[in-house]
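Below you'll find the structure, written out as structure tokens, and then a few comments.
Every number in this text was worked out from the coordinates using simple rules, so none of it is lab data. Quick caveat, the model's predicted, so the values are computed rather than measured. Here Cβ is always computed from backbone atoms with ideal geometry, including for glycine, and neighbour counts include all displayed protein chains.
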Amino acid sequence: MKIKLILGFLLLTASFVTAQQQSSPCAHIYEARFEKSTDAARPYVAVLHYDFSKIDRQANQVKVEILPIEDCYNAEKGAIFKPVVAFEFKSNDPSKGQLDLDHLQIRVKCFKWRTLINDSCSSEWNYYSFL
């Protein structure tokens, strides 16, 4: 009986470890990050640096969703949102580059953002503040 229990436990542990090693289908195939602009004349510009070169953009739709937050005093826990703004990267767009986002475009001082591939594979929500 002990042998069956031990074998069952080992089988269960091995299957759990195997399941943990399988990563998300979109993990580590792209890079995207927002940084503050280094241009002193444009202090309220967020710069999205991206590298989608490992993604087949003929077969996959890539976009960055921005969720403007109106109550920035709550930081990433803000709960008053404006409609989502999406930037879609078409197959003929550069696979590496940067995109400037002025706070006047979304009319808020902070936002959450994430990257989506085919609307099924997404990154975690990230927080950015122009302040």
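Could you work out how much longer the chain between residue 57 and residue 39 gets when fully extended? Use 0.36 nm per residue separation minus the Cα distance between them, nm to one decimal.
Taking 0.36 nm per residue and subtracting the Cα distance, the gain is 3.4 nm.
Can you run phi through the Karplus equation (6.51, -1.76, 1.60; θ = phi - 60°) for segment 88-103 and list ³J(HN,Hα) in whole Hz, with x for Gly and Pro?
8, 9, 6, 5, 8, 6, x, 7, 10, x, 9, 10, 8, 10, 8, 4
Could you give each residue of segment 69-84 its phi-based ³J(HN,Hα) in whole Hz, using Karplus coefficients 6.51, -1.76, 1.60 with θ = phi - 60°, and x for Gly or Pro?
Computed from phi, the couplings for segment 69-84 are 10, 8, 9, 5, 5, 9, 6, 5, 8, x, 10, 9, 10, 9, x, 5 Hz.
Most exposed first by the Cβ proxy, i.e. fewest other Cβ within 10 Å, how do 72, 110 rank?
With the fewest neighbours first, 72, 110 line up as 72, 110.
About its Cα centre, how strong a charge dipole does segment 27-129 have in debye, to the nearest 20, once Lys and Arg get +1 and Asp and Glu get -1 at the Cβ?
For segment 27-129, the charge dipole is close to 80 debye.
For segment 46-131, what does the relative contact order come out to in percent, with C-alpha contacts under 8 Å and a separation of six or more?
Worked out over segment 46-131, it gives 38 percent.
What ranking do 54, 63 get, fewest neighbouring Cβ atoms within 10 angstrom at the top?
Final ranking by Cβ density, sparse to dense: 54, 63.
What order do you get for 36, 112, 77 when you list them from fewest to most C-beta neighbours inside 10 Å?
By the 10 Å Cβ count, ascending, the order reads 77, 36, 112.
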